[in-house]
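Below: one structure, written as structure tokens.
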Amino acid sequence: METRTIATPPPPGGDWLGQSTPPAGLNNVVAIAAGNGSFAVKRDGTVVQWGMYGAGNYILPAGLKGVFSLDAGPGHVLAIKFNQGTTGQ
């Protein structure tokens, strides 16, 4: 399995929300998304968030798992999950 370091370039205007600095020890990432905050889907289907959203402005549902893709932008975060072997919930 190839290992890569996640590096997010600072957004226009800098990194004042902390969105360009992934948490220490973040690994096994299969997908990322960013808006005003940043999100990573881990191999086990859990989501890690940091930056503005990580500060509690947009809190993901407790126990969220089974995620395989994310989308984020100003004011929204969308998670696509597996549901009993199918996608779309």
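The values are calculated or read from the model by the stated rules, or taken from the named source; none is laboratory data. Please read these numbers as outputs of a predicted model, since none were measured by experiment. When we count neighbours, we look across all protein chains shown, and the Cβ atoms used for this are built from the backbone with ideal geometry, even at glycine.
For residue 24, indicate whether it is exposed (fewer than 11 other Cβ atoms within 10 Å of the Cβ) and modelled with pLDDT of 85 or more.
Numbers: exposed (fewer than 11 other Cβ atoms within 10 Å of the Cβ): yes; modelled with pLDDT of 85 or more: yes.
Answer is yes for this residue.
Residues of the stretch 34-81 that are at pLDDT below 80 and surrounded by 15 or more Cβ atoms within 10 Å (Cβ to Cβ): 35, 36, 37, 51, 52, 53, 54, 58, 60. Contact map, the stretch 67-89: residues that are of a type in the set (Gly, Ala, Ser) paired with residues that are at pLDDT below 90, Cβ distance under 6 Å, separation 6+ or inter-chain. Pairs shown: 69/80; 72/33; 72/34; 72/35; 72/39; 73/35; 79/70.
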